[in-house]
1. Determine, yes or no, whether Glu211 is of a type in the set (Asp, Glu) and more than 12 Å from the ligand (Cβ to nearest atom).
2. Can you name the residue in segment 32-56 that is part of a helix (DSSP H, G or I) and more than 23 Å from Ser221 (Cα to Cα) and is also nearest to the ligand (Cβ to nearest atom) among such residues?
3. Test each condition in (1) assigned to a loop (DSSP other than H, G, I, E, B); (2) on the phi < 0 side of the Ramachandran plot for Gly29 and report the one that comes out false.
4. At least 3 residues that are of a type in the set (A, V, I, L, M, F, W, C) in each: list the helices (runs of 4 or more DSSP H) lying fully within segment 64-167 that qualify.
5. How many residues does segment 107-135 contain that are more than 15 Å from the ligand (Cβ to nearest atom), surrounded by fewer than 22 Cβ atoms within 10 Å (Cβ to Cβ) and on the phi < 0 side of the Ramachandran plot?
6. When you go through Leu212, Leu165 one by one, which is the residue that is in contact with a Phe, Trp or Tyr (Cβ under 6 Å, 6 or more places away or on another chain), of a type outside the set (Gly, Ala, Ser) and modelled with pLDDT of 95 or more?
7. If you go through segment 66-104, how many residues are more than 20 Å from Thr31 (Cα to Cα) and free of Cβ contacts under 8 Å to residues at least 24 places away in the same chain?
Amino acid sequence: MRFENKICLVTGGGSGIGRATCIRFASEGGTVIVVDINEQHGNETVSLIQQHKGNALFIKTDIGNADEVKSCVKTVTDKYQRIDVLVNNAAFMTFTKIVDLAESDWDKVQNINLKSVFLFCKYAIPFMKNGAVVNTSSVHAHETTANVLPYAASKGGMEAFTRGLSLEYQPNQARFNCVAPGSVDTPMLWSNPDIKDGVEKMQGAIGKPEELAAAICFMASDEASFVNGTTLVVDGGRLDIL
Ligand SMILES: NC(=O)c1ccc[n+]([C@@H]2O[C@H](COP(=O)([O-])OP(=O)(O)OC[C@H]3O[C@@H](n4cnc5c(N)ncnc54)[C@H](O)[C@@H]3O)[C@@H](O)[C@H]2O)c1
């Protein structure tokens, strides 16, 4: 199994793509650290994994809070002395035009979606050897719509940050990549008012969380050993600009 004896940390593991990714890692032998702000949902993911005799641990963390991110990584490295796979996946969106957007909302989006990626990498990379970081971006990094610009900017920043990190470390320490989903059937998709109102068109099929989990797990696996510093778009053909 591809993740046997590997410590795999996934943020946003309580729902959607993050939960499917946790379940996939566990089904391939990984020990999964489920990180989420939602205690009930995080524990549910752990139960689902344990029901299938997998290994998982929940650590409640608000990834928008720097002290909590630091403490989360410390809990994992104190227990296991290493992190093999880091999936920065949790995210937050606003649906407001820029002139009406509160500064605090801009900061909240950047803290959760982008600063947390910096912080998890900062604290986890020293504990990685032949590791892999996979960051969940979005098609919005490439082709966005009105009213979600803080989110789009955070994902664009995430992709640039990821490319840059692949230059700072040798692959025998860690590889760094993004997976950019199109529309995926999760609570985040259906709570998006632009999707409900049809402002954001969903061309092509709507993906399943498991289809994204498969891509994330490939990027995190040794099978992707020559894939570094790039973004895999997994969108059922929605983008036509790449
Ligand atoms: N669903 C889509 O259509 C879609 C499309 C493109 C990109 N994405 C990206 O995929 C990733 C996962 O999204 P999803 O659709 O599975 O969403 P989701 O809403 O199903 O799950 C997100 C999880 O993140 C957790 N979370 C939110 N804020 C947090 C915080 N501050 N600290 C810790 N956990 C927090 C939530 O509790 C939730 O469990 C996100 O990065 C999102 O931007 C999703």
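1. So Glu211 fails the test.
2. Going through the qualifying residues, I end up with His41.
3. Going through (1) assigned to a loop (DSSP other than H, G, I, E, B); (2) on the phi < 0 side of the Ramachandran plot one by one, Gly29 breaks only (2).
4. Correct list: 66-80, 116-124.
5. 7
6. Leu165
7. 7
The values are calculated or read from the model by the stated rules, or taken from the named source; none is laboratory data. Treat the numbers as computed from the prediction; the structure is a model and nothing was measured. A quick note on method: Cβ atoms are made from the backbone with ideal geometry, for glycine too, and the neighbour counts reach across all protein chains shown.
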